[in-house]
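J.: I am attaching a structure below and will ask some questions about it afterwards.
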Amino acid sequence: MNLMHIIGARPQFVKLAALSRQIRMEKEIRETILHTGQHWSREMSGVFFRELELPEPDFNLEVHGLSHGAMTGRMIQGIEKVLQDHPADLVLIYGDTNSTLAGAVAVSKLRIPMVHVEAGLRSRDMTMPEEINRVVADRVSDLLFCPTAGSVDNLIREGYDSAKILLTGDLMWDALVHYAPRLPAGKREDLPGEFILATVHRQENLEDAARLCAWVGALSRLDQEIPVVLVAHPRTEKKIRESGIRVPFLTEGAAGPLEMLRMVRDSRMVCTDSGGLQKEAYYFRKPCITLRDRTEWTELEACGCNIPAGTCADSVWSAFLRFRENRGSYDQPFYGEGNAALKMVEALNRFSRSIPS
């Protein structure tokens with residue numbers, strides 16, 4: 001079976017690393033990697049691929065730094081061309097990014113069987129571009145790999161054929177189980193002994209001047225209580241610089257995947273608008289304030305480990321105070337036992353036998 005992965009964003013690299021490690025044990029599967037270029041810098045991509053032990057992409061479309069429409073359109077065009085020149089028996093798309101949407105559109109129109117990894121997640125907020133991407137990707141995929149019982153329930157309620165749905169567990173959980181024991185022991189000496197780890201990268205929190213000002217103010221207020229360390233994506237650094245807003249807390253550039261895990265492990269609390277970091281915080285038993293109005297990881301909110309607080313300083317402060325009283329419960333195996341990749345490979349082998357020659 002010739003299998004192609006379509007990826008483009010750093011969280012997708014992590015998911016691919018977990019699955020590809022399992023696929024490489026299979027003699028009957030040949031995999032190729034198409035990188036759209038959505039999250040691309042030579043330095044940072046190199047760090048991710050090296051630390052995650054990923055093979056270099058077979059194709060890189062180098063599409064990045066554009067508007068949603070321009071980026072997605074060019075990706076669709078590029079993915080279509082690659083698949084026409086290099087046919088695949090099966091294509092995997094991951095998560096909820098523009099790369100996911102582009103893959104969903106291009107592959108479905110070429111009528112190639114497709115699997116959506118991380119299917120069924122819903123925040124119920126259609127103002128989020130990611131929510132639109134999830135819904136479209138699920139609708140046009142032939143097989144839906146769900147990370148949680150809740151994501152399965154979402155698809156059943158929406159009328160999906162149960163034969164297409166498989167509860168696999170979460171590949172990012174597989175990655176955490178694999179990489180966490182390999183992290184350096186001890187805290188970094190250049191960081192405060194106790195700190196709140198923060199990341200902000202979503203478009204709505206960077207392009208909207210009021211929201212940008214709000215979350216900087218919210219983190220500044222927390223910093224007066226416990227030092228805040230903001231690990232800033234390049235675009236985040238650029239937007240802060242252009243805004244002219246004074247940032248009183250510690251800020252450093254983007255970190256590699258293992259360094260980021262180490263910082264989550266060593267933090268007191270996490271403040272983020274990232275989906276993946278919410279789960280990493282849960283793995284390391286750290287309270288998480290989500291700098292969004294809603295989260296797709298609804299089970300973390302339900303168990304009290306995650307509070308979607310938006311970007312209002314008062315709401316973020318209120319969430320911080322709530323965690324002082326109750327840190328939540330971290331004992332539920334929401335994301336499986338670290339064997340999602342194995343379940344997926346077994347399902348892919350079964351599915352490939354049903355594909356007409």
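The values are calculated or read from the model by the stated rules, or taken from the named source; none is laboratory data. In this text, all values refer to a predicted model and were calculated from it rather than measured experimentally. Reconstructed Cβ throughout: ideal geometry from the backbone, glycine too, with neighbour counts over all protein chains shown.
J.: Is there any pair with a first residue in the range 45-58 that is over 17 Å from Thr32 (Cβ atoms) and assigned by TED's automatic domain parsing to the domain that holds Arg24 and a second that is at pLDDT below 90 and part of a helix (DSSP H, G or I) whose Cβ atoms are under 7 Å apart and which are 6 or more apart or on different chains, and what are they?
T.: If the second residue must be at pLDDT below 90 and part of a helix (DSSP H, G or I), the pairs left are Phe48/Arg10.
J.: Could we say that Phe48 is closer than 18 Å to Tyr179 by Cβ, in contact with a helix residue (DSSP H, G or I) (Cβ under 9 Å, 6 or more places away or on another chain) and of a type in the set (Phe, Trp, Tyr) here?
T.: Here the answer is yes, as Phe48 does meet what is asked.
J.: Identify, please: which residue in the range 229-287 is of a type in the set (D, E, K, R) and touching a Ser or Thr at 6+ places or on another chain (Cβ under 8 Å) and is, among those, modelled with the lowest pLDDT?
T.: Glu237
J.: Within the range 55-77, can you find the residues that are in contact with a strand residue (DSSP E or B) (Cβ under 8 Å, 6 or more places away or on another chain) and surrounded by 14 or more Cβ atoms within 10 Å (Cβ to Cβ)?
T.: Matches in the range 55-77: Pro57, Asp58, Phe59, Asn60, Leu61.
J.: With the checklist (1) small (Gly, Ala, Ser); (2) within 23 Å of Lys286 (Cβ to Cβ); (3) surrounded by fewer than 16 Cβ atoms within 10 Å (Cβ to Cβ) in hand, flag the one item Gly256 doesn't pass.
T.: The one condition Gly256 does not meet is (3).
J.: Right, here's the next one. Go through the residues of the range 44-56 one by one and say whether even a single one is of a type in the set (S, T, N, Q) and either in contact with a Phe, Trp or Tyr (Cβ under 6 Å, 6 or more places away or on another chain) or at pLDDT 95 or above (or both).
T.: Within the range 44-56, the subset of a type in the set (S, T, N, Q) is 45.
After this cut, where a residue has to be either in contact with a Phe, Trp or Tyr (Cβ under 6 Å, 6 or more places away or on another chain) or at pLDDT 95 or above (or both) as well, the list is none.
There is no residue in the range 44-56 that is of a type in the set (S, T, N, Q) and either in contact with a Phe, Trp or Tyr (Cβ under 6 Å, 6 or more places away or on another chain) or at pLDDT 95 or above (or both).
J.: Among (1) in contact (Cβ under 8 Å) with a residue 12 or more places away in the chain; (2) more than 20 Å from the chain's Cα centre (by Cα), where does Ala210 come up short?
T.: Only one criterion in (1) in contact (Cβ under 8 Å) with a residue 12 or more places away in the chain; (2) more than 20 Å from the chain's Cα centre (by Cα) is unmet by Ala210, namely (1).
J.: Moving on. Which residue pairs have Cβ atoms under 7 Å apart, sit 6 or more places apart or on different chains, and have a first residue in the range 291-306 that is touching a residue at least 40 places away in the same chain (Cβ under 8 Å) and a second that is part of a loop (DSSP other than H, G, I, E, B) and of a type in the set (S, T, N, Q)?
T.: Leu291/Thr311; Arg294/Ser123; Thr295/Ser123; Glu296/Ser123; Glu299/Thr148
J.: Out of Ala302, Ala319, Ala313, which single residue is surrounded by fewer than 21 Cβ atoms within 10 Å (Cβ to Cβ), of a type in the set (A, V, I, L, M) and under 19 Å from Pro227 (Cβ atoms)?
T.: That would be Ala313, the only listed residue that is surrounded by fewer than 21 Cβ atoms within 10 Å (Cβ to Cβ), of a type in the set (A, V, I, L, M) and under 19 Å from Pro227 (Cβ atoms).
J.: Report, by residue number, each residue of the range 183-205 that is touching a helix residue (DSSP H, G or I) at 6+ places or on another chain (Cβ under 7 Å) and either at pLDDT 95 or above or closer than 24 Å to Leu261 by Cβ (or both).
T.: Residues satisfying the conditions are Leu183, Pro184, Lys187, Ile196, Leu197, Ala198, Thr199, Val200, His201, Asn205.
J.: Could you list all residues from the range 175-200 that are free of Cβ contacts under 8 Å to residues at least 24 places away in the same chain and more than 29 Å from Thr311 (Cα to Cα)?
T.: Pro181, Ala185, Gly186, Glu189
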